[in-house]
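The values are calculated or read from the model by the stated rules, or taken from the named source; none is laboratory data. This is a predicted model, so every value here is computed, not measured. All Cβ positions, glycine included, derive from the backbone under ideal geometry; neighbour counts span all protein chains shown.
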């Protein structure tokens, strides 16, 4: 495997001429990156000719993640709906080119979405991804499937470090929720292939229709509920979560556990609030960790989950 020397437009254009000559002469607009110090994040994407998206990396750790995504997409093609259309891919140099589809992220549909229809389509995607056929195809392609790569904060970390960001009257609740998460997640799950980072920004929607689910770099094995960990915080109330649980059961015949989803959601939400607060980075909605704890309390209550 060979990765790029850097993430400049010229370097990306040079790689495109090798991997996808048909689009190699089109203009390349590299999307802004965060410039992370950790080589794990030395990766980016570019819009090519206004019609394609190229993903690339300029370090070994980032290159391995992208090579994993390339293998996952190749293995799951035709077995899972709503995958991006791969135009070209390579690991020498490591590069993935997909066809751009019109649409916006789910976050941008929040005020106008028909949440039942959104949930139905997401359940179709998840039902196929979590099925035995998807795992068998991926194992045949890459061998042993690794665990999902993006793990949220542990409950021990939250117990030890989150208290300073909560109100005094919230701290006991955070501890109880961590205890609940430990109890719920202690039972061994049935591992399935999961996307691993299924938030609204990794979905492309057009006119209420799901066009594509993108960014499979963290795909791997976990329990099915792990893929729904961002759903409780997406949209108004818990409509997306409850509707997806219902449609998933109807499509697959398998019921998912709301408690297990919330255990993963707790670790994800408070873990995100924790690292951002410690790093001085604003939370995505520009509110406070205190407000996020209040939101979690409301979600547990609405689901009838009482630690």
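In a residue-by-residue description of the range 86-98, the property of being touching a strand residue (DSSP E or B) at 6+ places or on another chain (Cβ under 7 Å) and outside any strand (DSSP E or B) applies to no position. For residue 275, state whether it is part of a helix (DSSP H, G or I), in the same structural domain as residue 200 (by TED's automatic domain parsing), out of contact with any helix residue (DSSP H, G or I) (no Cβ under 7 Å at 6 or more places or on another chain) and closer than 20 Å to residue 199 by Cβ. Here the answer is yes, as residue 275 does meet what is asked. Take residue 113 and decide whether it is in a helix (DSSP H, G or I) and under 30 Å from residue 46 (Cα atoms). Criteria not met by residue 113. Being touching a strand residue (DSSP E or B) at 6+ places or on another chain (Cβ under 8 Å), at pLDDT 95 or above and under 19 Å from residue 189 (Cα atoms) is not true of residue 253. Would you check which residues across the range 62-83 are closer than 15 Å to residue 139 by Cα and not in a loop (DSSP other than H, G, I, E, B) and list them? If the condition is that a residue be closer than 15 Å to residue 139 by Cα and not in a loop (DSSP other than H, G, I, E, B), then 68, 69, 70, 71, 72, 73, 74, 75, 76 are the ones that fit. Give the number of residues within the range 171-195 that are buried (at least 18 other Cβ atoms within 10 Å of the Cβ) and either farther than 30 Å from residue 145 by Cα or modelled with pLDDT under 95 (or both). Selection size over the range 171-195: 2.
Counting residues in the range 169-181 that are under 21 Å from the mean Cα position of the chain (by Cα), touching a residue at least 12 places away in the same chain (Cβ under 8 Å) and assigned by TED's automatic domain parsing to the domain that holds residue 271 gives one or more. Annotation note: of 256, 238, 245, 283, the sole residue that is farther than 18 Å from residue 81 by Cα, free of Cβ contacts under 8 Å to residues at least 24 places away in the same chain and buried (at least 16 other Cβ atoms within 10 Å of the Cβ) is 245.
So how many residues does the range 201-225 have that are assigned to a helix (DSSP H, G or I) and modelled with pLDDT under 95? Matching residues across the range 201-225 total 1. Which residue is nearest to residue 234 (Cα to Cα), if the candidates are limited to the range 289-307 and must be touching a residue at least 60 places away in the same chain (Cβ under 8 Å) and not in a helix (DSSP H, G or I)? Taking the candidates together, the pick is 303.
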